[in-house]
Each structure stands twice: as structure tokens, then as C-alpha cells.
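The values are calculated or read from the model by the stated rules, or taken from the named source; none is laboratory data. Note that the coordinates shown come from a computational prediction; the quantities given were computed from them, not determined experimentally. Virtual Cβ from ideal backbone geometry, glycine too; neighbours counted across all protein chains shown.
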Amino acid sequence: MSVALQGSLLDAVGDATAPALRPLNRTERSPLSQGAWIDLLPGWLTGADLLFDQLAEHVPWRAERRPMYDRVVDVPRLLSFYDEDDELPHPVLADAKSALSRRYRAELGEPFRTAGLCFYRDGKDSVAWHGDRIGRGDSEDTMVAIISIGAPRDLLLRPRGGGRTLRHRLGHGDLLVMGGSCQRTWEHAVPKTAKPVGPRISIQFRPRGVR
């Protein structure tokens, strides 16, 4: 798939031929409400622009259609899903899943198992307000860890049912982890934008039984 991505100057400092992970010991936690929290680590993954190019070209992206009200509509992004026994499309993603499992296993009580990838091709691609509440996320505290590569896009968070919106601009290897009650009591979204933006891929790691 041919896409146009403006590279990060920070990525140019490192080895552009080898996507890699920085130490996972400098995450900054922000408590939200009702037992929800987020951890943020900018630039956790280096070589993110090269990884973007490889994933954009080689991942088996698919377009989906879903029912909405009285009609069926196109999902405004491309998708790919890797179950716990599937080989991930790049070794650094397997390293990331292992590192996240080591870092959060004591708190989460289990490892991260699956990886879902979303390809936002331009500002018209988006994801509406939602929580990952299919499966255990509807009734249990859990975690979802997101690595963003490619052009930065805004990820919004707000209390479920409405309230003050938090905005985080993520891209070029940034890590955001949503934990505690976040999937049940908060919602997140990547809104459409009329501003010119480049393509972005997000990689979401989840425990078993959470979608």
C-alpha cells in the first residue's frame, strides 16, 4: 500500500534500519476518576517511521462494513487482528508485547495476549467514542496498551456519558496505556479532522477476552 508519511526528526537521530524499544521505566501515570488511569511514554519505540512503512506495506489490511442504525456503513479505517497464537508482523511488536507484559503483569494479573492494528489513512479516518467493553472489559478492570506510529493524531478521552475531554497527540512511537476501570468508566476516540494530516497506524495490545 502506497502512503505518504513525513518522518520524525527524532527518528532520524537513531538507527533508521532497526526499530527498537527504549526502557519502559519512565512512564508517567495520570489518575482519572472512578479508578481509571493512563500511563504515557512519548517516543517509546524508535525507528517508528521505518516500522510504519513496513506495516503499511505488508500487513493484510482489510476494510470492514458495520450496521449503524438503519443502514450498513464503511468502517472509517483499515483493520488487522492478531490473536494470541498468531505471529506478529514485525519482531519489535513481539518484543513490545513481552515488555508490556513484564511491566504490567503484577498489576494486571495476566500478560497481554492479542494485537489489533488500525490504519488511519488520512484525516477522514477515525474511531468514534467507545470503550473496549466487548468481553471482560465490560465488567472487569483491564488494560489496553497503544503504540502510535506515523503522523500524530489526537486521541481524546472523556468520562463515559460526557464530561471534560482530555486530549493527547500521539504518533512516532508514543505509548499510551489505559488501565483500571478506564474501559468501563471512560471513553476514547480519534476524531476526524479537516486539517491536512499524514497516515497513522495504532497497535493495541490487550489481554485475553478483551476487545
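Taking into account only those residues within the range 134-162 that are β-branched (Val, Ile, Thr) and more than 12 Å from the chain's Cα centre (by Cα), which is modelled with the highest pLDDT? That would be THR142. Checked against (1) closer than 17 Å to ALA115 by Cβ; (2) modelled with pLDDT of 95 or more, GLY209 meets all criteria but (2). The lone criterion from (1) at pLDDT 65 or above; (2) part of a loop (DSSP other than H, G, I, E, B); (3) farther than 18 Å from GLN204 by Cα left unmet by LEU24 is number (3). Just one of (1) in contact with a Ser or Thr (Cβ under 8 Å, 6 or more places away or on another chain); (2) closer than 14 Å to ILE147 by Cβ fails for GLN34. It is (2). The residues in the range 73-105 that are at pLDDT 95 or above and outside any loop (DSSP other than H, G, I, E, B) can be counted, and the count is 20.
Filtered by the rule that a residue be over 19 Å from TYR120 (Cβ atoms) and modelled with pLDDT of 95 or more, the range 45-69 gives THR46, GLY47.
Does any residue of the range 171-185 turn out to be among the aliphatic types (A, V, I, L, M), in contact with a Cys (Cβ under 9 Å, 6 or more places away or on another chain), modelled with pLDDT of 95 or more and buried (at least 22 other Cβ atoms within 10 Å of the Cβ)? Looking for residues that are among the aliphatic types (A, V, I, L, M), in contact with a Cys (Cβ under 9 Å, 6 or more places away or on another chain), modelled with pLDDT of 95 or more and buried (at least 22 other Cβ atoms within 10 Å of the Cβ), one finds none in the range 171-185, hence no.
Table: residues versus (1) farther than 22 Å from GLY171 by Cβ; (2) surrounded by 15 or more Cβ atoms within 10 Å (Cβ to Cβ); (3) of a type outside the set (S, T, N, Q).
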| residue | (1), (2), (3) |
| --- | --- |
| VAL92 | no, yes, yes |
| LYS97 | no, yes, yes |
| SER101 | yes, yes, no |
| ALA106 | yes, no, yes |
| ARG113 | yes, yes, yes |
| CYS118 | no, yes, yes |
| ARG136 | yes, yes, yes |
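For ILE203, are the conditions met, namely being surrounded by 19 or more Cβ atoms within 10 Å (Cβ to Cβ), modelled with pLDDT of 95 or more and either touching a Cys at 6+ places or on another chain (Cβ under 9 Å) or assigned to a helix (DSSP H, G or I) (or both)?
Working: surrounded by 19 or more Cβ atoms within 10 Å (Cβ to Cβ): yes; modelled with pLDDT of 95 or more: yes; either touching a Cys at 6+ places or on another chain (Cβ under 9 Å) or assigned to a helix (DSSP H, G or I) (or both): yes.
In short, yes.
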